[in-house]
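Reading through the structure tokens given below for one structure.
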């Protein structure tokens, strides 16, 4: 009877006392952590804007990254609201992934967060689109306003506000 109790104990002792070889994983040579790699893949958009008739209100800027969302405020890629200091201004958007974009900008002179229109639907505040694109009876198409941002480069857009 003592042998039955002793046998499992001996087997356990042998299993735990066996020396196991440790397997070391092969070394993996990773490149050094260089945060500049991320920045190198991104571009910039510089906008040179002219034509403000005064310094009231805000300049509202909306950037779109596809034709389906173009001119839809609910689907804007990124936006800015800037205070104009003079009749011309420049601003830069950093960290923009390479790709195709288009934008719209308007001078919200009364700062009511919308572009005001007359009874015919014609804007009464200054507006512009990338590439200085203009539509026939309404805003331009995405194809008219689109431009390409390349990685590690600054794309410059020089545009002027339009008034009716």
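Considering only segment 53-78, state which residues are touching a residue at least 24 places away in the same chain (Cβ under 8 Å), more than 22 Å from residue 155 (Cα to Cα) and in contact with a strand residue (DSSP E or B) (Cβ under 7 Å, 6 or more places away or on another chain). Please lay out each step first, then the result.
Taking segment 53-78 first, the residues touching a residue at least 24 places away in the same chain (Cβ under 8 Å) are 53-67, 70-71, 77.
Pick out the ones that are also more than 22 Å from residue 155 (Cα to Cα) and you get 53-58.
Scanning segment 53-78 gives 57, 58.
Pick out the one residue from 85, 74 that is modelled with pLDDT of 50 or more, more than 22 Å from residue 131 (Cβ to Cβ) and outside any loop (DSSP other than H, G, I, E, B).
74
Would it be correct to say that residue 129 is closer than 19 Å to residue 88 by Cα, in contact with a helix residue (DSSP H, G or I) (Cβ under 8 Å, 6 or more places away or on another chain) and surrounded by 11 or more Cβ atoms within 10 Å (Cβ to Cβ)?
Working: closer than 19 Å to residue 88 by Cα: yes; in contact with a helix residue (DSSP H, G or I) (Cβ under 8 Å, 6 or more places away or on another chain): yes; surrounded by 11 or more Cβ atoms within 10 Å (Cβ to Cβ): yes.
Considered against the rule, which asks whether it is closer than 19 Å to residue 88 by Cα, in contact with a helix residue (DSSP H, G or I) (Cβ under 8 Å, 6 or more places away or on another chain) and surrounded by 11 or more Cβ atoms within 10 Å (Cβ to Cβ), residue 129 comes out as yes.
If a residue counts only when it is under 15 Å from residue 47 (Cβ atoms) and within 15 Å of the chain's Cα centre (by Cα), which strands (runs of 3 or more DSSP E) contained entirely in segment 89-164 have at least 2 such residues? Step through it out loud before you land on a result.
Working: elements: 99-108, 127-129, 147-149, 154-160.
Here the list reads 99-108, 147-149, 154-160.
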Restricted to segment 136-146, and to residues that are surrounded by fewer than 15 Cβ atoms within 10 Å (Cβ to Cβ) and within 17 Å of residue 69 (Cβ to Cβ), which residue is modelled with the lowest pLDDT?
138
For segment 134-149, how many residues are farther than 17 Å from residue 77 by Cα and touching a strand residue (DSSP E or B) at 6+ places or on another chain (Cβ under 8 Å)?
4
Conditions: (1) on the phi > 0 side of the Ramachandran plot; (2) in contact with a helix residue (DSSP H, G or I) (Cβ under 9 Å, 6 or more places away or on another chain). Residue 111 meets all but one. Number of the miss?
(2)
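Among the candidates 81, 90, which residue alone is surrounded by fewer than 15 Cβ atoms within 10 Å (Cβ to Cβ), touching a residue at least 12 places away in the same chain (Cβ under 8 Å) and within 14 Å of residue 114 (Cβ to Cβ)? Break it down into steps so the answer makes sense when it comes.
Numbers: 90 fails: within 14 Å of residue 114 (Cβ to Cβ).
Criteria check complete, one pass: 81.
The values are calculated or read from the model by the stated rules, or taken from the named source; none is laboratory data. These numbers come from a predicted model, not from an experiment. Note that we place each Cβ from the backbone using ideal geometry, even for glycine, and neighbour counts take in every protein chain shown.
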